[in-house]
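The values are calculated or read from the model by the stated rules, or taken from the named source; none is laboratory data. All values derive from a computational prediction rather than experimental measurement. Positions of Cβ are generated from backbone atoms using ideal geometry, with glycine treated the same way; all protein chains shown enter the neighbour counts. Side chains included, ligands, DNA and RNA excluded: accessible areas come from the protein's heavy atoms. Shrake-Rupley method; radii C 1.70, N 1.55, O 1.52, S 1.80 Å.
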Amino acid sequence: MGDRNLREDIKRIIEKVKQEILPDSTVKFWLEKNISKFQDLKGNLYVVAIGKAAWRMAKATNEMLRERISDKVIHGVVVTKYNHSEGSIENFEIYEAGHPIPDENTLIATKRVFELTNNLKESDMVLFLISGGGSALFELPMEGITLEEIQQLNEQLLKSGANIVEINTVRKHLSKVKGGRFAQHVYPAKIISLVLSDVLGDRLDSIASGPAYPDATTSQQAIEVLRKYNITVSDKILKALEQETPKELSNVETFVIGSVKVACESAEKVASELGYTPLILTTTLDCEAKEAGRFLASIAKEIKNYDRPVKKPAAIILGGETVVKVRGNGKGGRNQELALSFALAVEGLENVVLCSFGTDGTDGPTDAAGGIVDGQTAQKIRKVGLSPENFLENNDSYNALKIAGDLLITGPTGTNVNDLIVLLVG
């Protein structure tokens, strides 16, 4: 089984997974099963969609509900990342805003959501469609905290090596909408949340920083995250962090309709159909990207040499979200860094291919979704007189993989359920 075939197969697996995790079908499937919740509604229905998959989730919702509850008026707002809207949706206002750092348009869009859902009655309902990226896209800072301060803190947290749960622990305690506070705002109306999870273990109080879910984190934990990563903040922010988030909410119902577990199971099925022995190693990968790359290289060598933990041809599948501790000034994302680290560790090895892929189609502040690499990737970089080790040290995986021709560029996929890593060994 040659390298070229492995590359073709890994692309087939990724393409099939992309199709199966699109939010349209998952949203419609859930609504079909639960349509009575909306048919029996006495008041008004408000639909709020936030995140990178917000437009697709809103479009699917509008199509389904317009057909099934045509007697009710739907008021909707979509807040998504720039270039992630695909046109107008009847009865919806559409906003695009900053990600992964909130910007002025984030505040404008969130204020509009607050206006639309102000003074609701007990008979009203909010259908809340949540996907990855919601933390940056749905934000109103606490009184006295400026957007600039939130931006600076977010940037420090994202570069610190903190994981998403730690980052969101801090974000929640500085926000009027996060950590259950949006559910408090719409009370006494009921809020039903449909969630595409981008958080390991589907922790509901951390997905999009839990705007409509009781918060399990505390002010003290938020302060400890800042201490752990040596992040200095003003006394004003420290004081705001002391305001505790709600620990109980009586008006919420939450349903996870998509996650990285589904993506991994889809990859497992396709790999098996293509003749590989598949093994889902984990759906909760959470470590430094470089370490994950080296670890997966050791797994590849074990399979090559000893046919364990599974026999060749093998497909090792992982889901999760690694972190990058930024020390250099290069360009890249966690998936590209993982892929470059792997490529260095398997340099010269035949019949081994790895793809590390952000399911939203965006890896870090780049136009790439990740990378597809093999034993020749590092050698291709050396052939032009450059050092792949230096690229890795400078956190410049994007330019390294670009030279090798090994970037994976998909464009926005319309969904986000963490990262998927597939390793094929022939």
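What do you reckon, is Gly144 on the phi > 0 side of the Ramachandran plot, surrounded by fewer than 22 Cβ atoms within 10 Å (Cβ to Cβ) and among the small types (Gly, Ala, Ser)?
Yes, satisfied.
Just checking, does region 404-415 include any residue being open to solvent by less than 10 Å² (accessible area, probe 1.4 Å), out of contact with any His (no Cβ under 9 Å at 6 or more places or on another chain) and under 19 Å from Cys287 (Cβ atoms)?
No, the conditions are met nowhere in region 404-415.
If a residue counts only when it is within 23 Å of Glu122 (Cα to Cα) and modelled with pLDDT of 95 or more, which helices (runs of 4 or more DSSP H) contained entirely in region 136-253 have at least 3 such residues?
Once the helices (runs of 4 or more DSSP H) in region 136-253 are filtered for at least 3 residues that are within 23 Å of Glu122 (Cα to Cα) and modelled with pLDDT of 95 or more, what remains is 181-186.
Condition check: over 23 Å from the mean Cα position of the chain (by Cα), crowded, with 17+ Cβ neighbours inside 10 Å and without any contact (Cβ under 8 Å) to a residue 60 or more places away in the chain. Does Ile223 satisfy that?
yes
If you scan region 267-319, which residues turn out to be in contact with a Pro (Cβ under 6 Å, 6 or more places away or on another chain) and in a helix (DSSP H, G or I)?
Glu268, Ala271, Ser272, listed by residue number.
Six or more apart or on different chains, Cβ under 8 Å: which pairs go from a residue in region 301-330 that's without any contact (Cβ under 8 Å) to a residue 40 or more places away in the chain and surrounded by fewer than 20 Cβ atoms within 10 Å (Cβ to Cβ) to one that's among the β-branched types (Val, Ile, Thr) and in a strand (DSSP E or B)? Could you list them?
Cβ pairs passing all conditions: Val310/Thr277; Val310/Ile316; Lys311/Thr277.
Looking only at region 109-131, count how many residues are closer than 21 Å to Arg171 by Cβ and part of a helix (DSSP H, G or I).
Total meeting the criteria: 6.
Identify the residue in region 345-392 that is surrounded by fewer than 21 Cβ atoms within 10 Å (Cβ to Cβ) and among the charged types (D, E, K, R) and, among all such residues, is nearest to Ala263 (Cα to Cα).
Asp367
When region 155-203 is examined, which residues are found to be open to solvent by 40 Å² or more (accessible area, probe 1.4 Å), touching a Pro at 6+ places or on another chain (Cβ under 9 Å) and of a type in the set (A, V, I, L, M, F, W, C)?
Listed by number, the list holds a single entry, Leu158.
Any residue at all in region 197-206 that is touching a residue at least 24 places away in the same chain (Cβ under 8 Å), among the charged types (D, E, K, R) and farther than 29 Å from Phe357 by Cα?
No.
Over 21 Å from Ile167 (Cβ atoms), over 18 Å from the mean Cα position of the chain (by Cα) and modelled with pLDDT under 95: does that describe Asn83?
Answer is no for this residue.
If Gly134 satisfies every condition in (1) over 22 Å from Asn168 (Cβ atoms); (2) buried (at least 17 other Cβ atoms within 10 Å of the Cβ); (3) in contact with a helix residue (DSSP H, G or I) (Cβ under 6 Å, 6 or more places away or on another chain) but one, which is the exception?
(1)
This table checks each residue for (1) farther than 23 Å from Arg171 by Cα; (2) acidic (Asp, Glu); (3) open to solvent by 50 Å² or more (accessible area, probe 1.4 Å).
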site	(1), (2), (3)
Lys236	no, no, yes
Glu242	no, yes, yes
Thr245	no, no, no
Val252	no, no, no
Ser259	no, no, no
Cys264	yes, no, no
Ala267	yes, no, no
Ala271	yes, no, no
